[in-house]
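Shown next, in C-alpha coordinates, is the structure this report addresses.
The values are calculated or read from the model by the stated rules, or taken from the named source; none is laboratory data. Just so it is clear, the model here is predicted, and its values are computed rather than measured. Don't worry about glycine lacking a Cβ; one is built from the backbone with ideal geometry, like all the others, and counts go over all protein chains shown.
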Amino acid sequence: MQGFYTLFYKEILRFWKVSFQTVAAPVLTAVLYLLIFSHVLEAHVEAYPGVRYTAFLIPGLAMMSMLQNAFANTSSSLIQSKLTGNIVFILLPPLSRLEFFLAYVLAAIVRGLVVGAGVLLFTSLFVLPELKHPLWVLAFALLGSGVLAVLGMIAGIWAEKFDQLAAFQNFIIVPLTFLSGVFYSIHSLPVFWLGVSHLNPVFYMIDGFRYGFFGVGDVSPWLSLSVVGSTFALLTLFTLHLLRTGYKLRH
Amino acid sequence: MSTAIRFSAVKKRFGDFEALKGIDLEVREGEFFALLGPNGAGKTTLISVLGGLTRPDSGSASVMGCDVQADYRAARRQVGIVPQELTFDPFFTVRETLVFQSGYFGLRRNDAWIDELLENLGLADKANANMRALSGGMKRRVMVAQALVHKPPVIVLDEPTAGVDVALRQTLWAFVQRLNDEGHTIVLTTHYLEEAETLCNRIAMLKQGELVALDDKVALMQSHSTRLLSLRLLPDALPAALQPLLVSERDGAYLLRLDDCKQLEPMLACVREAGVSLRDIEIVQPDLESVFLDVMGRKAG
(Lines give C-alpha, C1' and ligand atoms only; values in the text may rest on other atoms or scores of the structure.)
Protein backbone atom coordinates (compact mmCIF):
# COMPACT_ATOMS: atom_id res chain seq x y z
CA MET A 1 0.00 0.00 0.00
CA GLN A 2 2.78 2.42 0.96
CA GLY A 3 4.52 1.65 -2.31
CA PHE A 4 1.41 2.44 -4.31
CA TYR A 5 0.73 5.59 -2.34
CA THR A 6 4.30 6.85 -2.79
CA LEU A 7 4.34 6.29 -6.53
CA PHE A 8 0.89 7.86 -6.85
CA TYR A 9 1.99 10.91 -4.87
CA LYS A 10 5.23 11.16 -6.85
CA GLU A 11 3.27 11.14 -10.09
CA ILE A 12 0.92 13.88 -8.78
CA LEU A 13 3.90 15.98 -7.69
CA ARG A 14 5.57 15.45 -11.04
CA PHE A 15 2.82 17.21 -12.98
CA TRP A 16 2.00 19.67 -10.21
CA LYS A 17 5.58 20.98 -10.17
CA VAL A 18 5.11 21.99 -13.81
CA SER A 19 1.45 22.95 -13.53
CA PHE A 20 1.70 25.87 -15.95
CA GLN A 21 2.38 23.37 -18.65
CA THR A 22 0.23 20.51 -17.38
CA VAL A 23 -2.85 22.31 -16.01
CA ALA A 24 -2.97 26.02 -16.86
CA ALA A 25 -2.05 25.63 -20.53
CA PRO A 26 -4.76 23.08 -21.43
CA VAL A 27 -7.36 25.14 -19.54
CA LEU A 28 -6.40 28.23 -21.54
CA THR A 29 -6.51 26.26 -24.79
CA ALA A 30 -10.03 25.06 -24.04
CA VAL A 31 -11.18 28.58 -23.19
CA LEU A 32 -9.75 29.82 -26.50
CA TYR A 33 -11.61 27.10 -28.39
CA LEU A 34 -14.79 28.17 -26.65
CA LEU A 35 -14.28 31.85 -27.46
CA ILE A 36 -13.61 31.21 -31.13
CA PHE A 37 -16.17 28.51 -31.85
CA SER A 38 -18.95 30.15 -29.90
CA HIS A 39 -18.24 33.45 -31.67
CA VAL A 40 -18.42 31.79 -35.09
CA LEU A 41 -21.21 29.31 -34.48
CA GLU A 42 -23.40 30.56 -31.64
CA ALA A 43 -25.89 32.18 -34.03
CA HIS A 44 -25.93 29.28 -36.52
CA VAL A 45 -25.99 26.04 -34.60
CA GLU A 46 -28.45 24.62 -32.14
CA ALA A 47 -27.21 21.17 -31.24
CA TYR A 48 -29.99 20.33 -28.81
CA PRO A 49 -33.35 22.09 -28.67
CA GLY A 50 -33.22 24.92 -26.18
CA VAL A 51 -29.50 24.55 -25.46
CA ARG A 52 -27.22 27.37 -26.58
CA TYR A 53 -24.25 26.23 -28.68
CA THR A 54 -21.77 27.73 -26.21
CA ALA A 55 -23.33 25.77 -23.37
CA PHE A 56 -23.39 22.64 -25.55
CA LEU A 57 -19.71 23.07 -26.31
CA ILE A 58 -18.51 23.42 -22.72
CA PRO A 59 -18.87 19.79 -21.55
CA GLY A 60 -17.31 18.53 -24.78
CA LEU A 61 -14.30 20.80 -24.38
CA ALA A 62 -13.93 19.88 -20.72
CA MET A 63 -14.04 16.17 -21.57
CA MET A 64 -11.61 16.52 -24.45
CA SER A 65 -9.14 18.35 -22.22
CA MET A 66 -9.48 15.71 -19.51
CA LEU A 67 -8.89 12.89 -21.97
CA GLN A 68 -5.86 14.45 -23.63
CA ASN A 69 -4.25 15.32 -20.31
CA ALA A 70 -4.89 11.94 -18.74
CA PHE A 71 -3.22 10.39 -21.78
CA ALA A 72 -0.34 12.85 -21.65
CA ASN A 73 0.35 12.20 -17.97
CA THR A 74 0.97 8.45 -18.07
CA SER A 75 2.60 8.44 -21.48
CA SER A 76 5.01 11.33 -20.91
CA SER A 77 5.99 10.17 -17.44
CA LEU A 78 6.77 6.66 -18.62
CA ILE A 79 8.67 7.62 -21.73
CA GLN A 80 10.73 10.20 -19.86
CA SER A 81 11.62 7.65 -17.20
CA LYS A 82 12.45 5.09 -19.85
CA LEU A 83 14.61 7.40 -21.94
CA THR A 84 16.50 8.90 -19.02
CA GLY A 85 16.80 5.45 -17.46
CA ASN A 86 15.48 6.46 -14.05
CA ILE A 87 12.58 4.00 -14.43
CA VAL A 88 15.07 1.54 -12.94
CA PHE A 89 14.32 3.06 -9.53
CA ILE A 90 10.65 2.13 -9.99
CA LEU A 91 11.43 -1.33 -11.39
CA LEU A 92 13.86 -2.40 -8.65
CA PRO A 93 11.57 -1.90 -5.61
CA PRO A 94 8.98 -4.49 -4.61
CA LEU A 95 6.02 -2.69 -6.21
CA SER A 96 3.40 -5.13 -7.44
CA ARG A 97 2.13 -4.84 -11.01
CA LEU A 98 -1.22 -3.67 -9.73
CA GLU A 99 0.37 -0.99 -7.55
CA PHE A 100 2.42 0.20 -10.52
CA PHE A 101 -0.65 0.26 -12.74
CA LEU A 102 -2.96 1.98 -10.27
CA ALA A 103 -0.45 4.63 -9.21
CA TYR A 104 0.19 5.82 -12.77
CA VAL A 105 -3.44 5.57 -13.87
CA LEU A 106 -4.96 7.25 -10.82
CA ALA A 107 -2.46 10.11 -10.92
CA ALA A 108 -3.35 10.66 -14.58
CA ILE A 109 -7.06 10.62 -13.70
CA VAL A 110 -6.37 13.26 -11.04
CA ARG A 111 -4.65 15.44 -13.64
CA GLY A 112 -7.60 14.91 -15.98
CA LEU A 113 -10.06 15.92 -13.28
CA VAL A 114 -8.05 19.00 -12.26
CA VAL A 115 -7.86 20.16 -15.87
CA GLY A 116 -11.55 19.37 -16.42
CA ALA A 117 -12.55 21.30 -13.32
CA GLY A 118 -10.41 24.22 -14.47
CA VAL A 119 -12.05 24.24 -17.90
CA LEU A 120 -15.54 24.14 -16.37
CA LEU A 121 -14.65 26.86 -13.89
CA PHE A 122 -13.35 29.31 -16.47
CA THR A 123 -15.83 28.56 -19.23
CA SER A 124 -18.74 28.89 -16.80
CA LEU A 125 -17.80 32.58 -16.60
CA PHE A 126 -19.25 32.85 -20.12
CA VAL A 127 -22.25 30.57 -19.90
CA LEU A 128 -23.19 28.55 -16.88
CA PRO A 129 -24.11 25.08 -18.14
CA GLU A 130 -26.86 23.24 -16.35
CA LEU A 131 -25.87 20.32 -14.16
CA LYS A 132 -28.81 17.94 -14.19
CA HIS A 133 -27.13 14.67 -13.18
CA PRO A 134 -23.83 15.31 -11.36
CA LEU A 135 -23.26 11.60 -10.78
CA TRP A 136 -23.24 10.88 -14.52
CA VAL A 137 -20.84 13.76 -14.95
CA LEU A 138 -18.52 12.34 -12.32
CA ALA A 139 -18.79 8.77 -13.58
CA PHE A 140 -17.86 9.72 -17.15
CA ALA A 141 -15.11 12.09 -16.02
CA LEU A 142 -13.53 9.25 -14.01
CA LEU A 143 -13.99 6.49 -16.55
CA GLY A 144 -13.09 8.61 -19.57
CA SER A 145 -9.89 9.87 -17.96
CA GLY A 146 -9.23 6.29 -16.85
CA VAL A 147 -9.46 4.88 -20.38
CA LEU A 148 -7.10 7.49 -21.76
CA ALA A 149 -4.74 7.13 -18.80
CA VAL A 150 -4.47 3.41 -19.55
CA LEU A 151 -3.99 4.10 -23.26
CA GLY A 152 -1.23 6.52 -22.28
CA MET A 153 0.37 3.81 -20.22
CA ILE A 154 0.30 1.40 -23.16
CA ALA A 155 1.75 4.06 -25.44
CA GLY A 156 4.42 4.98 -22.89
CA ILE A 157 5.44 1.35 -22.45
CA TRP A 158 5.42 0.68 -26.19
CA ALA A 159 7.16 3.80 -27.48
CA GLU A 160 10.96 3.77 -27.62
CA LYS A 161 11.38 7.40 -28.63
CA PHE A 162 9.42 10.62 -28.40
CA ASP A 163 8.65 10.44 -32.09
CA GLN A 164 6.74 7.19 -31.72
CA LEU A 165 4.80 8.57 -28.79
CA ALA A 166 3.97 11.73 -30.76
CA ALA A 167 2.73 9.53 -33.61
CA PHE A 168 0.48 7.57 -31.24
CA GLN A 169 -0.86 10.82 -29.83
CA ASN A 170 -1.33 12.72 -33.09
CA PHE A 171 -2.58 9.90 -35.30
CA ILE A 172 -4.73 7.98 -32.83
CA ILE A 173 -5.66 10.01 -29.76
CA VAL A 174 -6.24 13.43 -31.34
CA PRO A 175 -8.48 12.13 -34.18
CA LEU A 176 -10.42 9.97 -31.73
CA THR A 177 -11.09 12.93 -29.45
CA PHE A 178 -11.77 15.49 -32.19
CA LEU A 179 -14.11 13.23 -34.20
CA SER A 180 -16.23 12.30 -31.25
CA GLY A 181 -18.86 15.01 -31.09
CA VAL A 182 -16.95 17.56 -29.05
CA PHE A 183 -17.96 20.35 -31.42
CA TYR A 184 -21.22 18.94 -32.81
CA SER A 185 -24.02 16.50 -32.16
CA ILE A 186 -23.26 13.44 -34.26
CA HIS A 187 -26.90 13.45 -35.44
CA SER A 188 -25.90 16.36 -37.64
CA LEU A 189 -23.56 13.98 -39.53
CA PRO A 190 -24.24 12.01 -42.73
CA VAL A 191 -25.33 8.44 -42.02
CA PHE A 192 -21.95 6.88 -42.81
CA TRP A 193 -20.06 9.15 -40.41
CA LEU A 194 -22.79 8.71 -37.85
CA GLY A 195 -22.09 4.99 -37.98
CA VAL A 196 -18.35 5.54 -37.75
CA SER A 197 -18.79 7.78 -34.72
CA HIS A 198 -20.63 4.97 -32.97
CA LEU A 199 -17.44 2.89 -33.17
CA ASN A 200 -15.43 5.53 -31.35
CA PRO A 201 -15.41 4.96 -27.59
CA VAL A 202 -14.59 8.64 -27.04
CA PHE A 203 -17.97 9.54 -28.52
CA TYR A 204 -19.65 7.65 -25.64
CA MET A 205 -17.47 9.40 -23.07
CA ILE A 206 -18.47 12.82 -24.35
CA ASP A 207 -22.09 11.95 -24.96
CA GLY A 208 -22.52 10.44 -21.49
CA PHE A 209 -20.69 13.35 -19.90
CA ARG A 210 -22.89 15.83 -21.75
CA TYR A 211 -26.00 13.90 -20.74
CA GLY A 212 -25.01 14.59 -17.14
CA PHE A 213 -25.24 18.32 -17.83
CA PHE A 214 -28.30 18.62 -20.07
CA GLY A 215 -30.22 15.40 -19.48
CA VAL A 216 -30.14 14.94 -23.27
CA GLY A 217 -27.74 12.83 -25.31
CA ASP A 218 -27.36 11.19 -28.70
CA VAL A 219 -27.57 7.75 -27.05
CA SER A 220 -28.67 6.45 -23.63
CA PRO A 221 -26.19 7.17 -20.82
CA TRP A 222 -26.43 3.50 -19.83
CA LEU A 223 -25.21 2.44 -23.25
CA SER A 224 -22.38 4.95 -22.96
CA LEU A 225 -21.52 3.71 -19.50
CA SER A 226 -21.34 0.10 -20.62
CA VAL A 227 -19.21 0.93 -23.68
CA VAL A 228 -16.79 3.12 -21.71
CA GLY A 229 -16.76 0.74 -18.75
CA SER A 230 -15.97 -2.31 -20.85
CA THR A 231 -13.33 -0.40 -22.83
CA PHE A 232 -11.69 0.47 -19.53
CA ALA A 233 -11.89 -3.12 -18.29
CA LEU A 234 -10.43 -4.57 -21.51
CA LEU A 235 -7.58 -2.08 -21.68
CA THR A 236 -6.83 -2.65 -18.00
CA LEU A 237 -6.61 -6.41 -18.48
CA PHE A 238 -4.41 -5.93 -21.53
CA THR A 239 -2.08 -3.56 -19.69
CA LEU A 240 -1.79 -5.82 -16.65
CA HIS A 241 -0.86 -8.59 -19.08
CA LEU A 242 1.86 -6.38 -20.56
CA LEU A 243 3.19 -5.68 -17.08
CA ARG A 244 3.11 -9.37 -16.18
CA THR A 245 5.15 -10.32 -19.23
CA GLY A 246 7.49 -7.38 -18.68
CA TYR A 247 6.86 -6.13 -22.23
CA LYS A 248 9.54 -3.53 -23.06
CA LEU A 249 10.11 -2.81 -19.38
CA ARG A 250 11.87 -5.93 -18.16
CA HIS A 251 13.95 -7.42 -20.94
CA MET B 1 27.32 -19.71 6.25
CA SER B 2 24.12 -19.59 4.27
CA THR B 3 23.67 -18.49 0.70
CA ALA B 4 22.97 -14.85 -0.07
CA ILE B 5 22.77 -15.10 -3.86
CA ARG B 6 22.35 -18.15 -6.04
CA PHE B 7 22.36 -18.35 -9.82
CA SER B 8 21.47 -21.74 -11.29
CA ALA B 9 22.16 -22.36 -14.97
CA VAL B 10 21.14 -18.83 -15.93
CA LYS B 11 21.04 -18.32 -19.68
CA LYS B 12 20.15 -15.15 -21.51
CA ARG B 13 20.26 -14.27 -25.16
CA PHE B 14 19.61 -10.88 -26.78
CA GLY B 15 18.90 -11.65 -30.41
CA ASP B 16 22.02 -13.34 -31.75
CA PHE B 17 24.10 -12.31 -28.79
CA GLU B 18 24.45 -14.89 -26.04
CA ALA B 19 24.92 -12.69 -22.98
CA LEU B 20 24.91 -15.47 -20.38
CA LYS B 21 25.74 -19.06 -21.29
CA GLY B 22 24.53 -20.92 -18.22
CA ILE B 23 25.90 -19.30 -15.10
CA ASP B 24 26.07 -21.22 -11.83
CA LEU B 25 27.25 -19.07 -8.99
CA GLU B 26 26.77 -18.76 -5.26
CA VAL B 27 27.62 -15.86 -3.03
CA ARG B 28 27.59 -16.59 0.67
CA GLU B 29 26.20 -14.32 3.34
CA GLY B 30 28.64 -11.73 4.62
CA GLU B 31 31.03 -12.02 1.70
CA PHE B 32 32.63 -9.11 -0.09
CA PHE B 33 32.42 -10.53 -3.57
CA ALA B 34 33.93 -9.21 -6.78
CA LEU B 35 32.44 -9.93 -10.18
CA LEU B 36 35.12 -9.16 -12.74
CA GLY B 37 35.36 -9.34 -16.47
CA PRO B 38 35.89 -7.20 -19.55
CA ASN B 39 33.12 -5.06 -21.02
CA GLY B 40 30.39 -7.21 -22.52
CA ALA B 41 31.26 -10.23 -20.39
CA GLY B 42 27.75 -10.36 -18.89
CA LYS B 43 28.29 -8.79 -15.47
CA THR B 44 25.52 -6.22 -15.79
CA THR B 45 23.13 -8.73 -17.36
CA LEU B 46 23.72 -11.06 -14.43
CA ILE B 47 23.01 -8.25 -11.98
CA SER B 48 19.89 -7.29 -13.93
CA VAL B 49 18.63 -10.85 -13.60
CA LEU B 50 19.10 -10.53 -9.86
CA GLY B 51 17.10 -7.29 -9.73
CA GLY B 52 14.32 -8.58 -11.99
CA LEU B 53 15.20 -6.07 -14.71
CA THR B 54 16.10 -8.88 -17.06
CA ARG B 55 14.29 -12.19 -17.33
CA PRO B 56 16.55 -15.16 -17.94
CA ASP B 57 15.65 -17.44 -20.86
CA SER B 58 16.26 -20.40 -18.57
CA GLY B 59 17.68 -21.08 -15.15
CA SER B 60 16.83 -19.29 -11.94
CA ALA B 61 18.19 -16.82 -9.46
CA SER B 62 17.44 -16.15 -5.82
CA VAL B 63 18.41 -13.64 -3.14
CA MET B 64 18.41 -14.73 0.51
CA GLY B 65 16.38 -17.76 -0.54
CA CYS B 66 13.71 -15.76 -2.43
CA ASP B 67 13.31 -16.57 -6.12
CA VAL B 68 13.59 -13.35 -8.14
CA GLN B 69 10.69 -14.34 -10.41
CA ALA B 70 8.27 -16.41 -8.35
CA ASP B 71 8.75 -14.44 -5.16
CA TYR B 72 9.79 -11.15 -6.70
CA ARG B 73 8.50 -8.82 -4.02
CA ALA B 74 10.35 -10.58 -1.20
CA ALA B 75 13.48 -10.92 -3.33
CA ARG B 76 13.58 -7.21 -4.14
CA ARG B 77 13.38 -6.26 -0.47
CA GLN B 78 16.53 -8.30 0.12
CA VAL B 79 18.73 -6.58 -2.42
CA GLY B 80 19.88 -3.03 -3.14
CA ILE B 81 21.35 -2.48 -6.59
CA VAL B 82 23.35 0.56 -7.67
CA PRO B 83 22.94 0.59 -11.45
CA GLN B 84 25.87 1.37 -13.67
CA GLU B 85 24.20 4.05 -15.80
CA LEU B 86 24.16 7.45 -14.16
CA THR B 87 20.48 8.38 -13.98
CA PHE B 88 18.23 10.58 -11.88
CA ASP B 89 14.78 12.16 -11.80
CA PRO B 90 15.21 15.87 -12.59
CA PHE B 91 11.91 16.82 -10.94
CA PHE B 92 13.05 16.27 -7.37
CA THR B 93 15.57 17.18 -4.68
CA VAL B 94 18.01 14.72 -3.12
CA ARG B 95 15.86 14.28 -0.02
CA GLU B 96 12.64 13.89 -2.01
CA THR B 97 14.36 11.28 -4.15
CA LEU B 98 15.33 9.28 -1.06
CA VAL B 99 11.94 9.68 0.64
CA PHE B 100 10.22 8.40 -2.51
CA GLN B 101 12.64 5.52 -2.84
CA SER B 102 11.92 4.55 0.78
CA GLY B 103 8.20 4.71 0.07
CA TYR B 104 8.52 2.34 -2.90
CA PHE B 105 9.99 -0.15 -0.45
CA GLY B 106 7.04 0.36 1.87
CA LEU B 107 8.91 2.50 4.39
CA ARG B 108 6.97 5.46 5.68
CA ARG B 109 9.25 7.04 8.27
CA ASN B 110 12.82 6.53 7.21
CA ASP B 111 14.26 9.95 8.03
CA ALA B 112 16.84 8.79 10.57
CA TRP B 113 18.37 6.31 8.13
CA ILE B 114 18.14 8.79 5.24
CA ASP B 115 20.04 11.32 7.35
CA GLU B 116 22.65 8.70 8.14
CA LEU B 117 23.01 7.84 4.47
CA LEU B 118 23.35 11.51 3.53
CA GLU B 119 25.95 11.97 6.25
CA ASN B 120 27.98 8.89 5.37
CA LEU B 121 27.98 9.60 1.66
CA GLY B 122 28.92 13.25 2.08
CA LEU B 123 25.56 14.49 0.83
CA ALA B 124 24.29 16.23 3.96
CA ASP B 125 24.72 19.74 2.57
CA LYS B 126 23.07 18.77 -0.73
CA ALA B 127 19.91 17.33 0.81
CA ASN B 128 17.67 20.07 -0.52
CA ALA B 129 19.44 20.61 -3.82
CA ASN B 130 17.66 19.62 -7.00
CA MET B 131 19.11 16.51 -8.64
CA ARG B 132 19.82 18.52 -11.79
CA ALA B 133 22.15 20.83 -9.87
CA LEU B 134 24.49 18.04 -8.71
CA SER B 135 27.78 17.07 -10.27
CA GLY B 136 28.17 13.60 -11.74
CA GLY B 137 29.96 12.31 -8.66
CA MET B 138 27.25 13.66 -6.37
CA LYS B 139 24.54 12.05 -8.49
CA ARG B 140 26.41 8.78 -8.16
CA ARG B 141 26.35 9.13 -4.38
CA VAL B 142 22.59 9.66 -4.48
CA MET B 143 22.23 6.48 -6.52
CA VAL B 144 24.16 4.59 -3.85
CA ALA B 145 21.89 6.07 -1.18
CA GLN B 146 18.81 5.08 -3.22
CA ALA B 147 19.98 1.50 -3.32
CA LEU B 148 20.44 1.47 0.45
CA VAL B 149 17.22 3.12 1.70
CA HIS B 150 15.76 -0.21 2.76
CA LYS B 151 18.96 -1.48 4.43
CA PRO B 152 19.14 -4.50 2.16
CA PRO B 153 21.09 -7.51 3.42
CA VAL B 154 22.60 -7.84 -0.07
CA ILE B 155 24.15 -4.83 -1.77
CA VAL B 156 25.22 -4.89 -5.41
CA LEU B 157 27.37 -2.12 -6.84
CA ASP B 158 27.76 -2.15 -10.61
CA GLU B 159 30.90 -0.15 -11.37
CA PRO B 160 30.17 2.45 -8.71
CA THR B 161 33.53 4.18 -9.12
CA ALA B 162 33.60 4.57 -12.90
CA GLY B 163 34.54 8.16 -13.60
CA VAL B 164 34.42 9.15 -9.95
CA ASP B 165 36.95 11.22 -8.04
CA VAL B 166 39.26 9.93 -5.32
CA ALA B 167 37.30 11.54 -2.48
CA LEU B 168 34.10 9.71 -3.34
CA ARG B 169 35.89 6.42 -3.85
CA GLN B 170 37.36 6.64 -0.38
CA THR B 171 34.10 7.75 1.26
CA LEU B 172 32.19 5.07 -0.61
CA TRP B 173 34.56 2.22 0.19
CA ALA B 174 34.82 3.19 3.85
CA PHE B 175 31.02 3.13 4.09
CA VAL B 176 30.60 -0.09 2.12
CA GLN B 177 33.32 -1.74 4.19
CA ARG B 178 31.45 -0.72 7.34
CA LEU B 179 28.23 -2.21 5.97
CA ASN B 180 30.11 -5.40 5.18
CA ASP B 181 31.52 -5.49 8.71
CA GLU B 182 27.95 -5.16 9.99
CA GLY B 183 27.01 -8.29 8.07
CA HIS B 184 25.76 -7.02 4.70
CA THR B 185 26.78 -9.10 1.71
CA ILE B 186 28.49 -6.97 -0.92
CA VAL B 187 28.83 -7.73 -4.61
CA LEU B 188 30.98 -5.42 -6.64
CA THR B 189 31.84 -5.08 -10.28
CA THR B 190 34.71 -2.82 -11.21
CA HIS B 191 37.42 -2.33 -13.76
CA TYR B 192 39.77 -1.04 -11.05
CA LEU B 193 41.29 -4.34 -10.05
CA GLU B 194 43.25 -2.94 -7.14
CA GLU B 195 39.90 -1.98 -5.55
CA ALA B 196 38.67 -5.53 -5.88
CA GLU B 197 41.97 -6.87 -4.59
CA THR B 198 41.93 -4.66 -1.52
CA LEU B 199 38.26 -5.06 -0.62
CA CYS B 200 36.98 -8.45 -1.73
CA ASN B 201 37.48 -11.86 -0.26
CA ARG B 202 36.02 -13.90 -3.11
CA ILE B 203 36.22 -13.31 -6.81
CA ALA B 204 34.42 -14.52 -9.91
CA MET B 205 35.57 -13.76 -13.42
CA LEU B 206 33.22 -13.70 -16.37
CA LYS B 207 34.17 -13.84 -19.99
CA GLN B 208 31.77 -13.84 -22.93
CA GLY B 209 28.89 -14.99 -20.75
CA GLU B 210 30.80 -17.78 -19.04
CA LEU B 211 32.27 -18.12 -15.60
CA VAL B 212 36.00 -18.63 -16.11
CA ALA B 213 37.23 -18.34 -12.53
CA LEU B 214 35.65 -18.52 -9.10
CA ASP B 215 37.64 -18.78 -5.92
CA ASP B 216 38.75 -17.15 -2.70
CA LYS B 217 41.02 -14.26 -3.49
CA VAL B 218 44.09 -15.86 -1.91
CA ALA B 219 43.55 -19.22 -3.59
CA LEU B 220 42.85 -17.56 -6.93
CA MET B 221 46.05 -15.56 -6.71
CA GLN B 222 48.01 -18.69 -5.83
CA SER B 223 46.49 -20.96 -8.44
CA HIS B 224 47.16 -18.45 -11.17
CA SER B 225 50.53 -17.71 -9.70
CA THR B 226 52.73 -15.53 -11.76
CA ARG B 227 54.96 -15.05 -8.76
CA LEU B 228 58.36 -13.73 -9.70
CA LEU B 229 61.82 -13.96 -8.21
CA SER B 230 63.68 -10.69 -8.43
CA LEU B 231 67.47 -10.94 -8.33
CA ARG B 232 70.21 -8.31 -8.32
CA LEU B 233 73.57 -9.87 -9.04
CA LEU B 234 77.24 -9.00 -8.70
CA PRO B 235 78.69 -9.10 -11.28
CA ASP B 236 75.57 -8.12 -13.18
CA ALA B 237 75.23 -11.18 -15.39
CA LEU B 238 72.48 -13.77 -15.31
CA PRO B 239 73.79 -17.36 -15.38
CA ALA B 240 72.94 -19.13 -18.67
CA ALA B 241 70.98 -21.85 -16.83
CA LEU B 242 68.46 -19.27 -15.62
CA GLN B 243 67.94 -17.51 -18.95
CA PRO B 244 64.85 -19.60 -19.90
CA LEU B 245 63.06 -18.37 -16.77
CA LEU B 246 63.72 -14.69 -17.43
CA VAL B 247 60.52 -12.70 -17.76
CA SER B 248 61.92 -9.19 -17.81
CA GLU B 249 64.54 -6.91 -16.38
CA ARG B 250 63.56 -3.98 -14.25
CA ASP B 251 65.88 -1.36 -12.74
CA GLY B 252 68.88 -3.67 -12.94
CA ALA B 253 67.00 -6.60 -11.39
CA TYR B 254 66.22 -9.84 -13.21
CA LEU B 255 62.62 -11.03 -12.88
CA LEU B 256 62.38 -14.80 -13.12
CA ARG B 257 59.32 -17.03 -13.18
CA LEU B 258 58.80 -18.80 -9.91
CA ASP B 259 56.00 -21.28 -10.50
CA ASP B 260 56.73 -23.23 -7.38
CA CYS B 261 58.66 -22.43 -4.21
CA LYS B 262 60.55 -25.71 -4.64
CA GLN B 263 62.32 -24.15 -7.59
CA LEU B 264 63.89 -21.57 -5.37
CA GLU B 265 66.79 -23.64 -4.08
CA PRO B 266 67.93 -25.02 -7.46
CA MET B 267 67.75 -21.47 -8.85
CA LEU B 268 69.95 -20.13 -6.08
CA ALA B 269 72.30 -23.08 -6.61
CA CYS B 270 72.67 -22.01 -10.24
CA VAL B 271 73.66 -18.54 -9.11
CA ARG B 272 76.23 -19.95 -6.67
CA GLU B 273 77.70 -22.37 -9.21
CA ALA B 274 78.13 -19.57 -11.73
CA GLY B 275 80.28 -17.75 -9.18
CA VAL B 276 77.94 -14.80 -8.97
CA SER B 277 76.93 -13.26 -5.66
CA LEU B 278 73.53 -11.88 -4.63
CA ARG B 279 73.13 -8.15 -4.02
CA ASP B 280 69.40 -8.33 -3.42
CA ILE B 281 66.65 -10.93 -3.57
CA GLU B 282 62.89 -10.48 -3.46
CA ILE B 283 59.82 -12.55 -4.19
CA VAL B 284 57.28 -10.47 -6.09
CA GLN B 285 53.73 -11.58 -5.31
CA PRO B 286 51.25 -11.64 -8.18
CA ASP B 287 48.58 -8.92 -8.15
CA LEU B 288 44.99 -9.37 -9.23
CA GLU B 289 45.62 -7.58 -12.46
CA SER B 290 48.20 -10.14 -13.57
CA VAL B 291 45.89 -12.96 -12.49
CA PHE B 292 43.02 -11.34 -14.41
CA LEU B 293 45.08 -10.99 -17.58
CA ASP B 294 46.32 -14.53 -17.17
CA VAL B 295 42.79 -15.96 -16.80
CA MET B 296 41.31 -13.90 -19.64
CA GLY B 297 44.23 -14.61 -21.95
CA ARG B 298 44.43 -18.31 -21.24
CA LYS B 299 40.77 -19.01 -21.91
CA ALA B 300 40.98 -17.14 -25.18
CA GLY B 301 43.80 -19.42 -26.36
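For the reader, a short list of remarks on this structure follows.
- If you go through region A:193-251 and keep only what is assigned to a loop (DSSP other than H, G, I, E, B) and either exposed (fewer than 12 other Cβ atoms within 10 Å of the Cβ) or at positive phi (or both), you end up with A:Leu199, A:Gly215, A:Gly246, A:Lys248.
- Among (1) surrounded by fewer than 17 Cβ atoms within 10 Å (Cβ to Cβ); (2) more than 28 Å from B:Gly297 (Cβ to Cβ); (3) in contact (Cβ under 8 Å) with a residue 24 or more places away in the chain - the single one B:Asp259 does not satisfy: (2)
- For B:Met64: the one exception among (1) within 12 Å of chain A (Cβ to nearest Cβ); (2) over 15 Å from the mean Cα position of the chain (by Cα): (1)
- Within region B:68-97, residues that are in contact (Cβ under 8 Å) with a residue 40 or more places away in the chain and more than 7 Å from chain A (Cβ to nearest Cβ) have Cβ atoms under 8 Å from residues that are among the small types (Gly, Ala, Ser) and assigned to a loop (DSSP other than H, G, I, E, B) in these pairs: B:Gln84/B:Ala162; B:Val94/B:Ala127; B:Val94/B:Ala129, counting only partners at least 6 apart in sequence or on another chain.
- Selection status of A:Ala103, in a helix (DSSP H, G or I), crowded, with 19+ Cβ neighbours inside 10 Å, within 14 Å of another protein chain (Cβ to nearest Cβ) and at pLDDT 95 or above: yes
- Count - residues of region B:38-56 that are free of Cβ contacts under 8 Å to residues at least 12 places away in the same chain and touching a Lys or Arg at 6+ places or on another chain (Cβ under 8 Å): 1
One line per residue, one yes/no per condition, for (1) within 30 Å of B:Val276 (Cα to Cα); (2) over 17 Å from the mean Cα position of the chain (by Cα); (3) surrounded by 20 or more Cβ atoms within 10 Å (Cβ to Cβ); (4) free of Cβ contacts under 8 Å to residues at least 24 places away in the same chain:
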site	(1), (2), (3), (4)
B:Ala145	no, yes, yes, no
B:His150	no, yes, yes, no
B:Asp165	no, yes, no, no
B:Glu182	no, yes, no, yes
B:Met205	no, no, yes, no
B:Ser223	no, yes, no, yes
B:Ser230	yes, yes, no, no
B:Leu234	yes, yes, no, no
B:Pro244	yes, yes, no, yes
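- Residue tally, condition closer than 23 Å to A:Phe100 by Cβ and in a helix (DSSP H, G or I), over region B:92-113: 9
- Per this entry, B:Ala41 is counted among residues that are away from chain A (no Cβ under 11 Å) and either of a type in the set (A, V, I, L, M, F, W, C) or surrounded by fewer than 23 Cβ atoms within 10 Å (Cβ to Cβ) (or both).
- Residue within region B:51-58 that is modelled with pLDDT of 90 or more, within 8 Å of chain A (Cβ to nearest Cβ), farther than 30 Å from B:Lys207 by Cα and surrounded by fewer than 22 Cβ atoms within 10 Å (Cβ to Cβ) present: no
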